[in-house]
Amino acid sequence: MGKRDDLIVKYADDLKNKCGMTPDMDLLTKVTIGCGPAIYNADASTVAASQPAEIETVKNNFLMKKLGLKDSPELDSAIDSVLQTYGQSERNKYRAVVYYMLTKHFGKESVYG
């Protein structure tokens, strides 16, 4: 297994044990690949949930650009909901896991089809 495969296993473990959901491994793999080289960078691989600029980045670059959603208060509440599911006390919120949950939340799996 390569480094990416190891990370996907780690992300699946977070989804199961920290978020209480059974991951769709095919979708999780595609979302992880979609994150590109950021998954290998310690800083870029996680979402700094306490930083407003980071939340804006998730909203603008992922929800609006990647998933093609229109800007609305629903986007902010979805991000809040996903971060709550991940756990406020959880220090490392992996970007691929957050993006996976947002993709599922909005039913946008077809983007990765």
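Of the trypsin sites (Lys or Arg not before Pro) in the stretch 22-93, which ones lie in a loop per DSSP and count no more than 12 other C-beta atoms within 10 Å? Could the numbers behind the result be given before it?
On the way: sites: K30, K59, K65, K66, K70, R91, K93; in loops: K70, R91, K93.
Hits after loop and neighbour filter: K70, R91.
For the stretch 1-98, the number of Lys pairs separated by eight or more positions or lying on different chains, with C-alpha atoms closer than 25 Å, is 27.
Per-residue ellipticity at 222 nm computed for the chain from its helices equals -15000 deg cm²/dmol, with DSSP H segments shorter than 4 residues left out and the rest contributing -39,500 (n - 2.57). Per-residue Karplus couplings for the stretch 7-16, computed as 6.51 cos²θ - 1.76 cosθ + 1.60 with θ equal to phi - 60°, are listed in order as 5, 4, 4, 4, 5, 4, 4, 4, 4, 5 Hz, Gly and Pro entered as x.
At 0.36 nm per residue, minus the direct Cα-Cα distance, what do Y40 and M1 gain on full extension? Give it in nm, one decimal, please. Walk me through the numbers on the way to the answer.
Values: separation 39, 0.36 × 39 = 14.04 nm, distance 1.52 nm.
Result: 12.5 nm gained on full extension.
For the stretch 56-69, the Karplus equation 6.51 cos²θ - 1.76 cosθ + 1.60, evaluated at θ = phi - 60°, returns couplings of 4, 4, 4, 5, 6, 7, 9, 5, 7, 6, 6, 8, x, 8 Hz by residue, with Gly and Pro reported as x. Near T46, the amide H atoms lying under 5 Å from its own belong to R95; only residues 5 or more places off or on other chains count, and H is placed 1.01 Å from N.
Before I look further, what does the chain give for accessible area per residue, probe 1.4 Å, in whole square angstrom? Intermediate values should be presented prior to the final figure.
Working: 6140 Å² over 113 residues.
For the chain, the solvent-accessible area averages 54 Å² per residue.
Looking at (1) 29, 14, 10; (2) 36, 14, 9; (3) 20, 16, 14, which value of semi-axes √(5λ) of the Cα gyration tensor in Å comes from a calculation on the structure shown? Given (1) 29, 14, 10; (2) 36, 14, 9; (3) 20, 16, 14, the calculated one carries the label (3). Relative contact order, whole percent, for the chain stands at 35, derived from Cα pairs under 8 Å and 6 or more residues apart.
In order along the stretch 17-32, the Karplus-derived 3J(HN,Hα) couplings, from 6.51 cos²θ - 1.76 cosθ + 1.60 at θ = phi - 60°, round to 8, 9, 10, x, 10, 8, x, 7, 4, 5, 5, 4, 4, 5, 5, 4 Hz, and Gly and Pro are given as x.
The values are calculated or read from the model by the stated rules, or taken from the named source; none is laboratory data. Keep in mind that what you see is a predicted model, and the values were worked out from it rather than measured. Note that each Cβ is placed from the backbone with ideal geometry, even for glycine, and that neighbours are counted across all protein chains shown. SASA here: full protein model, heavy atoms, side chains in, ligands and nucleic acids out. Shrake-Rupley method; radii C 1.70, N 1.55, O 1.52, S 1.80 Å.
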